[in-house]
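The values are calculated or read from the model by the stated rules, or taken from the named source; none is laboratory data. Only a predicted model underlies this, so the values are computations on that prediction, with no experimental measurement involved. Counting neighbours? That spans all protein chains shown, and the Cβs are built from the backbone with ideal geometry, glycine included. The area values use the complete protein model at the heavy-atom level, side chains included, leaving out ligands, DNA and RNA. Shrake-Rupley method; radii C 1.70, N 1.55, O 1.52, S 1.80 Å.
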Amino acid sequence: MKIFYTDHYVLPLPPGHRFPMRKYGDLRERVTRATWLGSDMLHEPHAASDAELARAHCADYVRRVQSGELDAKAMRRIGFPWTPDMVERSRRSAGATLEACFVALHEGCGVNLAGGTHHAFRDFGEGFCIFNDSIVAARALQANGRVRRVAIIDCDVHQGNGTAVIARNDPSIFTFSMHGANNFPFQKEASDLDIELQDGTSDAVYLQALVRGMAETLERAEPNFVIYLAGADPHEGDRLGRLKLTKDGLAERDEFVLTTLRRKNIPVAVTMAGGYGREIADSVDIHFRTVETAAEIFA
């Protein structure tokens, strides 16, 4: 298994903004100290090219992001001010998921320590998402001829609305999103499968829904490959989550998803997606356990 990071490209935030960017650097530091980390496991990814991004986004949007020509309204919708580092990080985050996918074809699993930018649409970004790494990576796999059908299993607490819209008329990409019913985005889109959860959902109810959703996804999609968004934001301590999962419940979620895919011999790329803990250390702990679980299952 190989792990890809992008945290050294800094995303600037408006004054007073509380997006927990520090978690990415803290997560890489935790992974670096892990006893199971091999000497050739941690890598910096390439920056996704215009051609790779164009499989998910219109060329004019990619150009305007690159050149800083998005207007103030578009940048407010994204949530970050424009800088060259913002562009480079966004490209490399998409590249990290893409590289994790190609690693998974050979080793069963690859991991991006960021990614899961599922609110990015074909021609605009929102919710801290600029390029939709899942769609970019899925279509790169398909263009390479290695994979025909991809399932995107999205367990971030927010619906993957951009992913749903971009893949809406593409039967080769199946989108499954399990998210809070009353959470952002407040105008939901139609994924191939949506499971909406009520505020305060506990471990037991969540895991029952996940078992049902996984079974339906694998039956309907018959995927050759899975991209798994393992959000930390369903945690009970998340500022934006509204659900009540414990850290152990989230670890059980990851173990179930990854063990199921390993047993069915379906390669998987794992991305971290959201995590906005009142204590940043909680989000880092959850993300780290996701990576550790993947390393154990695909050892």
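Here are a few things to note about the model shown:
- Identity of the residue in the stretch 189-217, of a type in the set (D, E, K, R) and not in a strand (DSSP E or B), that ends up farthest from Gly249 (Cα to Cα): Glu189
- Members of the stretch 39-62 found to be touching a residue at least 12 places away in the same chain (Cβ under 8 Å), surrounded by fewer than 19 Cβ atoms within 10 Å (Cβ to Cβ) and not in a loop (DSSP other than H, G, I, E, B), listed by number: Leu42, His43, Asp50, Asp60
- Any hit, the stretch 65-79, residues being part of a helix (DSSP H, G or I), at pLDDT 95 or above and either hydroxyl-bearing (Ser, Thr, Tyr) or within 22 Å of Ala269 (Cα to Cα) (or both): yes
- Matching residues in the stretch 100-128 - criterion: being under 14 Å from the mean Cα position of the chain (by Cα) and surrounded by fewer than 24 Cβ atoms within 10 Å (Cβ to Cβ): Gly127, Phe128
- Scanning the stretch 120-142 finds one or more residues that are more than 25 Å from Leu250 (Cα to Cα) and touching a His at 6+ places or on another chain (Cβ under 6 Å).
- Of all residues in the stretch 147-160, those that are more than 30 Å from Val205 (Cα to Cα) and surrounded by 15 or more Cβ atoms within 10 Å (Cβ to Cβ) total 1.
- Looking across the stretch 213-240, the residues that are open to solvent by 20 Å² or more (accessible area, probe 1.4 Å), modelled with pLDDT of 95 or more and either in contact with a strand residue (DSSP E or B) (Cβ under 7 Å, 6 or more places away or on another chain) or not charged (D, E, K, R) (or both) come down to Ala215, Glu216, Leu218, Arg220, Asn224, Glu236.
- Residue match in the stretch 267-282 (condition: open to solvent by 10 Å² or more (accessible area, probe 1.4 Å), touching a Lys or Arg at 6+ places or on another chain (Cβ under 8 Å), of a type in the set (Asp, Glu) and not in a loop (DSSP other than H, G, I, E, B)): yes
- Annotation note: of Gln187, Gln198, the sole residue that is of a type in the set (S, T, N, Q), at pLDDT below 95 and open to solvent by 20 Å² or more (accessible area, probe 1.4 Å) is Gln187.
- Within the option set Arg30, Arg76, Arg91, being surrounded by 15 or more Cβ atoms within 10 Å (Cβ to Cβ), over 17 Å from the mean Cα position of the chain (by Cα) and charged (D, E, K, R) holds for one residue only, Arg30.
- All of (1) buried (at least 24 other Cβ atoms within 10 Å of the Cβ); (2) over 17 Å from the mean Cα position of the chain (by Cα); (3) of a type in the set (Ser, Thr, Tyr) hold for Thr163 with one exception: (2).
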